[in-house]
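Beneath this line is the structure, given in structure tokens, with notes to follow.
The values are calculated or read from the model by the stated rules, or taken from the named source; none is laboratory data. The shown structure was predicted, so the numbers you read here are calculated from the model rather than taken from an experiment. Every residue, glycine among them, receives a Cβ derived from its backbone with ideal geometry; neighbour counts consider all protein chains shown.
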Amino acid sequence: MPELTRRRALTTAAGLTTAAGLAAAPPAAALAVPAAQAAQAAQAAQAAEHHHGAPESFDEVYKGRRIQGRPSDGGGAHHEHGGGYAVFVDGVELHVMRNADGTWISVVSHYAPVPTPRAAARAAVDELRGAALLPFPAN
């Protein structure tokens, strides 16, 4: 029997880890369902946008927090990321970014794309759980 070397032990451990990860991973079809739903929601949101391509303005109270969204004037340093749209939670700007597929993300819920800036504001309120949104430094 060959002698056990560090290289052989690490190779075996990597193979076992990979095999365990593949066994525990959900099927690709299960991952495609949320992506398809996000794409459909983004398409529906795009259909509801103004003729200029900007989402409609909103001003509402959601779970006791005032959320607002409106086209921005481009005065901020991060204008290009938000697609010319500004979102606020209790008067503090929530930095949002529009993805290539039409979905939106915010600095608070960066890994959960949503179909509209309003949904991004609501997701941020949910994630903050009553905490105050702090101003994000613009560098």
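Quick notes
- Condition check for Val33: β-branched (Val, Ile, Thr) and modelled with pLDDT under 65: yes
- Matching residues, segment 55-109, being within 12 Å of Arg122 (Cβ to Cβ) and modelled with pLDDT under 90: Ser109
- Selection from segment 84-129 of residues that are under 20 Å from Lys63 (Cα atoms) and free of Cβ contacts under 8 Å to residues at least 12 places away in the same chain: Ala112, Arg129
- Pick from segment 103-115, criterion of a type in the set (Gly, Ala, Ser) and crowded, with 19+ Cβ neighbours inside 10 Å, ranking: nearest to Pro137 (Cα to Cα): Ser106
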